[in-house]
1. Inside the stretch 90-188, counting only helices (runs of 4 or more DSSP H) that do not spill past its ends, which hold 3 or more residues that are open to solvent by 50 Å² or more (accessible area, probe 1.4 Å)?
2. Within the stretch 194-251, track down each residue that is under 30 Å from residue 179 (Cα atoms) and among the acidic types (Asp, Glu).
3. Look through 173, 181 and report the one residue that is under 33 Å from the mean Cα position of the chain (by Cα), in the same structural domain as residue 321 (by TED's automatic domain parsing) and not aromatic (Phe, Trp, Tyr).
4. Can you list residue pairs whose Cβ atoms sit under 7 Å apart, with the first residue in the stretch 39-58 being β-branched (Val, Ile, Thr) and the second being in a loop (DSSP other than H, G, I, E, B)? Count only pairs 6 or more apart in sequence or on different chains.
5. Within the stretch 190-200, does at least one residue satisfy the condition of being modelled with pLDDT of 95 or more, in the same structural domain as residue 144 (by TED's automatic domain parsing), closer than 28 Å to residue 331 by Cβ and among the hydrophobic types (A, V, I, L, M, F, W, C)?
6. Return the residues of the stretch 20-33 that are in a helix (DSSP H, G or I) and exposed (fewer than 14 other Cβ atoms within 10 Å of the Cβ); say none if nothing qualifies.
7. Within the stretch 151-187, track down each residue that is away from the ligand (no atom under 16 Å from the Cβ) and either touching a residue at least 24 places away in the same chain (Cβ under 8 Å) or on the phi > 0 side of the Ramachandran plot (or both).
8. Which one is nearest to the ligand (Cβ to nearest atom) among residues in the stretch 255-270 that are more than 15 Å from residue 229 (Cβ to Cβ) and among the hydrophobic types (A, V, I, L, M, F, W, C)?
Amino acid sequence: MGGAGDGHLRDEIAAAGAAALAALEGAGGTDAIRSALAVQRRSLAALKSRLGGIADVEQRKECGRLLGEAVARLERDADARLAAASESERAAAVAAEAMDLTEHLQPALFGTTHIVTQALDRLVDVFVGLGFVVAEGPEIETDFHNFEALNMPASHPARSEFDTLFLEPVNDLQRRSPVLLRTHTSPVQIRVMQSVAPPIYAVMPGRVFRRDTPDATHMPVFHQIEGLVVDRGITFADLAGTIEAFTKAFFGEDFTSRLRPSYFPFTEPSAEFDVRGRDGAWIELGGCGMVHPDVLRAGGVDPEEFTGFAFGFGIDRMAKERHAVADIREMYTNDLRFLRQFR
Ligand code: PHE
C-alpha cells in the first residue's frame, strides 16, 4: 500500500487530465487550442516530476501509467480538435476570399449607325472609288457663300426657294452680311475652290437646313452630298458620264440615269438627274450642271482656263426609299424599336 501522498497524486492526475480536456474544449480556434495545449502539457508535466516521491514501486508505476494515459488523451484530443478547427478556418478563409465571377452580359446595348449615316458612308465610298476626295464646310454659313457667290445676289428670286433660317446678327459685319444655316451643300463648292487650285474632284457631304414644316417627305434638317469637278476641258459629257458611272456603282449595274433640263442660278446649263432600275419608275435624285463662270470666278478660278460641273442631291430620301420607310419623320424620332431594325 502506498502513502496518503500517492493516493492524493492519483486524484490530482485524474483531475488534471479532466481539466486539460475541458480547457481544450473551451478553446475556439487553432491558436487558442495550441496555447491551451501548451498550458495543459506543462501542468501534466509538473505532476510527472512528483512521481519520484512515491515510495511504492507498483504505485509509482500505476501513477506513471495514469499520467501517460492522461497526456496521450490530451494529445489525441488536441490533434482532433486542431484538425477540425483548421478545416473550418480554411473553409471560412475560402469563403471570405471568394470572388463573384458571374458575368452580366447586357445584350443589345451596342450602338449602330443611323440609316442616313449608312447611306452617306456608302455614297462617300463609291465616290472615293471613282477618284473623288471628301471635303466639308461649316453648317453656319455667310450669305456670301450660301447665295451671293453662287450667283444669287440679294434680290435674286431663286433665294425664296430656299426657306432660309437666319441667325440673329451679333455685330455690324453680320448686320451688313447675314449669317445663316446653310440651305444646301453648294457653298462648300466656293470654299473648296477658294482653298485649292484645280484640278478639283471633290464630294462634300453634310447637314443642311430649311424653314420647312416637317411632313412625311420633308424635314427642316436633312443631308445632301455635293460633287464638284473643275479641270481643263471638262464638258457636259463628263458630267453625264460621271452621273451614269455613279448610278451603276451605287445602285447596281442594271440601273441607269437620265438628265432633264432644269435651272439653277449657279450652273449653266442645268439639269435634274433621275435614276431607275431595269423595269422600275424614274426616281428624281438631284440637280446638276456646268459650273457658271461667275461661280468659278467667285471661287478664284479663271473660267477662261478651267471648266467644271457640279451636282447635289438629298441623302435622307435615298435612305427612306431604300428601306421603304413610310414617313421620313420616323427616321428622326430616335425610337429604338425603329432604329434597331437597321443594324
Ligand atoms: N444645291 C442644289 C439644291 O440644293 C442642288 C445642286 C447642286 C444643283 C449642284 C446644281 C449643282 O437643290
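The values are calculated or read from the model by the stated rules, or taken from the named source; none is laboratory data. Bear in mind that the values here come from a model prediction, so they are computed numbers and not experimental data. Cβ: placed from backbone, ideal geometry, glycine included. Neighbour counts: every protein chain shown. Accessible surface is based on the protein model in full, side chains and every heavy atom, while ligands, DNA and RNA are left aside. Shrake-Rupley method; radii C 1.70, N 1.55, O 1.52, S 1.80 Å.
1. On the way: elements: 115-129, 143-146, 172-176.
Where helices (runs of 4 or more DSSP H) fall fully within the stretch 90-188 and carry at least 3 residues being open to solvent by 50 Å² or more (accessible area, probe 1.4 Å), they are 115-129, 172-176.
2. 212, 215, 226
3. Numbers: 173 fails: under 33 Å from the mean Cα position of the chain (by Cα).
Answer to the check: 181.
4. Pairs found: 54/2.
5. For the stretch 190-200, residues modelled with pLDDT of 95 or more, in the same structural domain as residue 144 (by TED's automatic domain parsing), closer than 28 Å to residue 331 by Cβ and among the hydrophobic types (A, V, I, L, M, F, W, C): absent.
6. If we filter the stretch 20-33 for residues that are in a helix (DSSP H, G or I), which is where we start, we get 20-26, 30-33.
Listed by number, the residues that qualify are 22, 25, 26, 31.
7. Going through the stretch 151-187, the residues away from the ligand (no atom under 16 Å from the Cβ) turn out to be 153-155, 166-179.
Within the stretch 151-187, 167, 177, 178, 179 meet the criteria.
8. The initial filter retains those residues of the stretch 255-270 that are more than 15 Å from residue 229 (Cβ to Cβ), namely 255-265, 268-270.
Adding the requirement that they be among the hydrophobic types (A, V, I, L, M, F, W, C) leaves 255, 259, 264.
Numbers: 255: 21, 259: 11, 264: 4 Å.
Checked the stretch 255-270; the qualifying residue nearest to the ligand (Cβ to nearest atom) is 264.
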